[in-house]
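Enquirer: First the structure, then my questions, so here it is.
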Amino acid sequence: MKLRQVTWFTLSLITVSSLLTACSSASSSSPPATSSSSSSTGSGTSGTASGSLKTGLKVFVIPKNLGNPYFTLADSVKSGGALAALNTLGETGSETSGTDATPASQLPAIQAAITKGANALIVSATDPTALCPTLTSAMNRGITVVTYDSDAPACRSLFINQASTSAIGTSEVDLIAQEIHNKGDIAIVSATASATNQNAWIGYMKTELKKFPNIHLVTTVYGNDDPTTATQVTQGLLQQYPNLAGIISPTTVGIAAAAAVLDTAKYRGKIALTGLGTPGALKKYVDDGTIGSFELWNPANLGYLAAYAAANLASKKVTNAAGQSFTAGKLGSFTIGSDGTILLGPPLVFTKSNIGNFNWGF
Ligand code: RAM
């Protein structure tokens, strides 16, 4: 194992152990009594532990799509995600989007939120080019726009980044390289071709692959964050590239679909699989050897942090200038970095030895 890998794994394992307590308390905390979609008659100011943030803000959480378990974790009250944080802060939070991870599906939800009098939008961008005209006009009307998970850099104030973009891309390649002993053809099963986060990670994967002259990326296919499509494109890969040694799927929907396809005697242990997935969905594949290791951050913490960032920004407690800090409840203090980006922290690496400690995700 190379030194950089050792450092990455060590960091991740440290993170695993230090977050164990936080993860379990997040999932066991009971939701507040306030309804996540209750109506509000206007914003006020609270003098609570959150500081003098405005309360009653209408905050719309707009994931790439509804029905994606990753975003259910990031957003919901039950998981301790964005809506839980908004409830705690006394805001009026609701989650809305389309059912497909496309701008055609997501844009009407953004427009409807603006029409309903949104004070703040928390958006995972399906396609920055398609979304920016609407998000820019929202900002011009004084609406706070924060992105999380997938950025739209030209039309938001803050981006809540789940983990270092370069480290995700680099480590995904390092994980598959380890599995296939630095040799063979690999493919990527991505989400959508227009998603900022997927493309940024893939960009860093391609850079990292230059260090592995005997590994060849044969293609990238797109499952569109849809289980059926992800299954079909994975099956297509196996037919088209019978000598495939490994697959990287940096999407929770994609890796779960690919794992189900590879979980047969024909492929298990012969075609390596890694990517970004939830431990709840992938534990059985790690246990039976279909997956050696994969990564993810805690999606609920990502949504929770995005909610605190949006509330602080909408309350004018921070701007998007670098160097300012704010407290995000149980997660502690965060500082705004360059380009208006706030970093959640290093992701976790899940293997057979630790996956039993995590049950979130489905
Ligand atoms: C999918 C989405 C999301 C990504 C995760 C890892 O659910 O594509 O944007 O961050 O996977």
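Just so it is clear, none of the values below were taken in a lab; they were calculated from the coordinates. This structure is a prediction, so every number in the text was calculated from the model and none was measured. Heads up, the Cβs are rebuilt from the backbone with ideal geometry, glycines too, and the neighbour counts pull from every protein chain shown.
Enquirer: Excluding residue 71 itself, calculate the net charge of residues whose Cβ lies under 11 Å from the Cβ of residue 71, where each Lys or Arg counts +1 and each Asp or Glu counts -1.
Expert: Counting the neighbours of residue 71, the net charge comes to -3.
Enquirer: Would you mind getting me the FRET efficiency between residue 232 and residue 206? Use the beta-carbon distance for r and R0 = 25 Å, nearest 0.05.
Expert: FRET efficiency, residue 232 to residue 206: 0.55.
Enquirer: Within the range 285-327, find all residues whose amide N lies under 18 Å from a label point positioned 7 Å from the Cα of residue 164 along Cα-to-beta-carbon.
Expert: Taking a point 7 Å out along Cα→Cβ of residue 164, the residues of the range 285-327 whose backbone N falls under 18 Å are 295-298.
Enquirer: Could you order peptides 151-162, 250-261, 96-107 by the average number of other Cβ atoms within 10 Å of their residues, highest first?
Expert: Put in order of decreasing packing, that is 250-261, 151-162, 96-107.
Enquirer: How big is D, in µm² s⁻¹, for the range 165-296 by Stokes-Einstein at 37 °C and 0.692 mPa s if Rh is the Kirkwood radius over C-alpha pairs?
Expert: After rounding, the answer is 233 µm²/s.
Enquirer: Can you compute the helix-only [θ] at 222 nm over the chain? Use -39500 (n - 2.57) per DSSP H run of at least 4 residues, normalise by all residues, nearest 500 deg cm²/dmol.
Expert: So the helix-based figure for the chain works out to -13000 deg cm²/dmol.
Enquirer: To continue, here is another question. Under 14 Å from the Cα of residue 210, which aspartates and glutamates turn up, not counting those fewer than eight places away in the same chain?
Expert: Filter leaves 172, 174, 185.
Enquirer: I want the local charge near residue 324. Using Cβ-Cβ distances under 12 Å, sum +1 for each Lys or Arg and -1 for each Asp or Glu among the other residues.
Expert: Net of charged neighbours comes to +2.
Enquirer: Moving to a separate point now. Report the full-extension gain for the segment residue 359 to residue 199: residue separation times 0.36 nm, less the Cα-Cα distance, to one decimal in nm.
Expert: 54.8 nm
Enquirer: When all C-alpha to C-alpha distances in the range 194-253 are sorted into bins of 5 Å, what percent of pairs does each bin hold, rounded to whole numbers?
Expert: Over the range 194-253, the share of Cα pairs per 5 Å bin runs 4, 15, 26, 24, 21, 9, 1 percent.
Enquirer: Please list, in order, the residues from the range 51-71 whose amide nitrogen is less than 17 Å from a point placed 7 Å along the Cα→Cβ vector of residue 317.
Expert: Of the residues in the range 51-71, 51-59 have backbone N under 17 Å from the label point off residue 317.
Enquirer: Just flag the trypsin sites (Lys or Arg not before Pro) in the range 188-275 sitting in loop per DSSP whose Cβ has no more than 15 other Cβ atoms within 10 Å.
Expert: 210, 211, 266, 270
Enquirer: Using only alpha-carbon positions, what ratio does the radius of gyration of the chain give when scaled by 2.2 N^0.38 Å? Can you show the working numbers first?
Expert: Numbers: Rg = 20.0 Å, N = 362, 2.2 N^0.38 = 20.6 Å.
That works out to 0.97 for the chain.
Enquirer: Something else: Please work out the C-alpha center-to-center distance from the range 163-178 to the range 94-161 and express it in whole Å.
Expert: Taking the Cα centre of the range 94-161 as reference, the centre of the range 163-178 is 28 Å away.
Enquirer: Extension gain residue 139-residue 214, at 0.36 nm per residue separation less the Cα-Cα distance, in nm?
Expert: 22.2 nm
Enquirer: Determine, for 201, 360, the number of other Cβ atoms within 10 Å of each Cβ, and report the residues in order from fewest to most.
Expert: Working: 201 27, 360 20.
Placing the least packed residue first, the sequence is 360, 201.
Enquirer: Would you mind checking 58/330; 64/183; 54/283; 78/116; 64/270 for any pair whose Cα atoms are more than 30 angstrom apart?
Expert: 64/183; 54/283; 64/270
Enquirer: Distance in nm between label sites at residue 78 and residue 111, each 7 Å beyond Cα in the beta-carbon direction?
Expert: 3.2 nm
Enquirer: If we count every other residue with Cβ under 14 angstrom of residue 238's Cβ, Lys/Arg +1 and Asp/Glu -1, where does the sum land?
Expert: Charge balance in the 14 Å sphere: +1.
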